[in-house]
Amino acid sequence: KTDVQGSIDAVRASLEQLSSDNIRIRLIHISTGSINESDVLLALASKAIIIGFNSRPEQGAKRLADQDGIEIRYYDIIYRLTEDIESGLKGMLDPTIEDIVEGILEIRALFPLGKNRITAGCHVREGQINRNSLGRVKRGDAILHDGPISSLRRFKDDVRQVQSGYECGISLEGFNDYVVGDIIEAHNLKQVGKTS
């Protein structure tokens with residue numbers, strides 16, 4: 001709802017420009033005057049929000065909106081309206097997740113650690129491995145396992161990180177079927193933003 005007819009065209013044009021390939025803004029109803037109960041009922045039926053541009057709700061409409069959980073947003077400057085709606089739209093999009101390989105390890109020896117536990121003795125060929133990385137075990141082109149690191153050691157010490165060129169012992173949660181020559185990719189999944 002807007003205060004005057006001239007504001008309708010400005011609000012409509014600004015909001016329609018925010019639509020993208022992934023998300024489309026649908027204006028269900030736009031008119032001048034105060035926000036009334038029929039506006040709230042329309043928003044409830046349409047699962048929409050109400051935008052008041054230099055327009056406030058009538059007392060009964062405010063009470064009904066509060067009772068039914070209908071969001072009413074108020075604006076008096078057009079760019080604040082578009083910024084707010086645009087940031088809301090970005091929150092609706094799925095994040096883009098990027099798989100970042102941090103290091104490549106080659107298994108050179110196997111060390112039994114008691115009942116059903118094996119540590120893989122590795123050489124870090126490239127990059128580095130961090131204690132909080134994930135480990136992807138590869139045999140040829142096949143991926144055998146991908147999961148969290150349960151142990152990272154240099155000699156007898158627990159360590160947080162091992163650099164390229166060094167040896168380490170590694171155990172992955174839920175996996176013991178290592179073979180000498182397998183490759184472990186140390187990687188992490190990182191959210192790099194929203195798709196648009």
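The values are calculated or read from the model by the stated rules, or taken from the named source; none is laboratory data. The structure displayed is predicted, hence computed values, not measured ones. A quick note on method: Cβ atoms are made from the backbone with ideal geometry, for glycine too, and the neighbour counts reach across all protein chains shown. With ligands, DNA and RNA removed, areas are computed over all heavy atoms of the protein, side chains included. Shrake-Rupley method; radii C 1.70, N 1.55, O 1.52, S 1.80 Å.
Would it be correct to say that Ile97 is within 30 Å of Ala48 (Cα to Cα), open to solvent by 80 Å² or more (accessible area, probe 1.4 Å) and either part of a strand (DSSP E or B) or touching a residue at least 24 places away in the same chain (Cβ under 8 Å) (or both)? Please lay out each step first, then the result.
Details: within 30 Å of Ala48 (Cα to Cα): yes; open to solvent by 80 Å² or more (accessible area, probe 1.4 Å): yes; either part of a strand (DSSP E or B) or touching a residue at least 24 places away in the same chain (Cβ under 8 Å) (or both): yes.
Yes.
Looking at region 152-187, which of its residues are open to solvent by less than 40 Å² (accessible area, probe 1.4 Å) and not hydrophobic (A, V, I, L, M, F, W, C)?
Gly169, Ser171, Tyr178, Asp182, Glu185, His187
Name every residue in region 141-196 that is farther than 14 Å from His123 by Cβ, of a type in the set (A, V, I, L, M) and more than 29 Å from the chain's Cα centre (by Cα), in order of residue number.
Within region 141-196, Val159, Val179 qualify.
Does Ile107 satisfy the condition of being under 26 Å from the mean Cα position of the chain (by Cα), more than 30 Å from Arg24 (Cβ to Cβ) and among the aliphatic types (A, V, I, L, M)?
Details: under 26 Å from the mean Cα position of the chain (by Cα): no; more than 30 Å from Arg24 (Cβ to Cβ): yes; among the aliphatic types (A, V, I, L, M): yes.
No: the conditions fail for Ile107.
Of the residues in region 1-31, how many are part of a helix (DSSP H, G or I) and of a type outside the set (Lys, Arg)? If you could, list the steps in order and put the result at the bottom.
Restricting attention to region 1-31, the residues satisfying the condition of being part of a helix (DSSP H, G or I) are 5-16.
Now restrict to residues that are of a type outside the set (Lys, Arg): 5-11, 13-16.
Here the count works out to 11.
Could you list, in sequence order, all residues of region 48-76 that are of a type in the set (Val, Ile, Thr) and either in contact (Cβ under 8 Å) with a residue 40 or more places away in the chain or in a strand (DSSP E or B) (or both)?
First, the residues of region 48-76 that are of a type in the set (Val, Ile, Thr): 49-51, 70, 72.
Selection gives Ile50, Ile51, Ile72.
Return only the number of the condition from (1) over 24 Å from Asp9 (Cβ atoms); (2) open to solvent by less than 80 Å² (accessible area, probe 1.4 Å) that Arg108 does not satisfy.
(2)
Return the residues of region 2-29 that are more than 33 Å from the chain's Cα centre (by Cα) and surrounded by 15 or more Cβ atoms within 10 Å (Cβ to Cβ); say none if nothing qualifies.
Once the filter is applied, which keeps residues that are more than 33 Å from the chain's Cα centre (by Cα) and surrounded by 15 or more Cβ atoms within 10 Å (Cβ to Cβ), region 2-29 yields Thr2, Asp3, Ser7, Ile8.
Which residue out of Gly103, Gly60 is within 30 Å of Tyr166 (Cα to Cα) and modelled with pLDDT of 90 or more? Working first, answer last.
Details: Gly60 fails: within 30 Å of Tyr166 (Cα to Cα).
Gly103 is the lone residue from the list that is within 30 Å of Tyr166 (Cα to Cα) and modelled with pLDDT of 90 or more.
Can you tell me which residue among Tyr74, Tyr79 is more than 30 Å from Val179 (Cα to Cα), open to solvent by 60 Å² or more (accessible area, probe 1.4 Å) and touching a strand residue (DSSP E or B) at 6+ places or on another chain (Cβ under 6 Å)?
On the way: Tyr79 fails: touching a strand residue (DSSP E or B) at 6+ places or on another chain (Cβ under 6 Å).
Step by step, each of Tyr74, Tyr79 is checked, and only Tyr74 is more than 30 Å from Val179 (Cα to Cα), open to solvent by 60 Å² or more (accessible area, probe 1.4 Å) and touching a strand residue (DSSP E or B) at 6+ places or on another chain (Cβ under 6 Å).
Here's the yes/no breakdown for (1) in contact (Cβ under 8 Å) with a residue 24 or more places away in the chain; (2) within 30 Å of Ile23 (Cβ to Cβ):
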position: Gly127; (1), (2): yes, no
position: Asn132; (1), (2): yes, no
position: His145; (1), (2): yes, no
position: Leu152; (1), (2): no, no
position: Phe175; (1), (2): yes, no
position: Gln191; (1), (2): yes, yes
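Considering only region 48-61, state which residues are within 11 Å of Tyr74 (Cβ to Cβ) and either open to solvent by 70 Å² or more (accessible area, probe 1.4 Å) or in contact with a Pro (Cβ under 7 Å, 6 or more places away or on another chain) (or both). Break it down stepwise before answering.
Of region 48-61, the ones within 11 Å of Tyr74 (Cβ to Cβ) are 50-57.
Asn54, Arg56 - these are the residues of region 48-61 that are within 11 Å of Tyr74 (Cβ to Cβ) and either open to solvent by 70 Å² or more (accessible area, probe 1.4 Å) or in contact with a Pro (Cβ under 7 Å, 6 or more places away or on another chain) (or both).
Criterion first (in contact with a strand residue (DSSP E or B) (Cβ under 8 Å, 6 or more places away or on another chain) and either over 22 Å from Glu98 (Cα atoms) or open to solvent by less than 50 Å² (accessible area, probe 1.4 Å) (or both)) does Ile143 satisfy it? Let's see the steps before the verdict.
Working: in contact with a strand residue (DSSP E or B) (Cβ under 8 Å, 6 or more places away or on another chain): yes; either over 22 Å from Glu98 (Cα atoms) or open to solvent by less than 50 Å² (accessible area, probe 1.4 Å) (or both): no.
The answer is no for Ile143.
Please go through region 32-47 and pick out each residue that is open to solvent by 30 Å² or more (accessible area, probe 1.4 Å) and either touching a residue at least 24 places away in the same chain (Cβ under 8 Å) or not in a helix (DSSP H, G or I) (or both). First the steps, then the outcome.
Within region 32-47, the subset open to solvent by 30 Å² or more (accessible area, probe 1.4 Å) is 32-34, 36-38, 41-42, 44-47.
Scanning region 32-47 gives Thr32, Gly33, Ser34, Asn36, Glu37, Leu44, Lys47.
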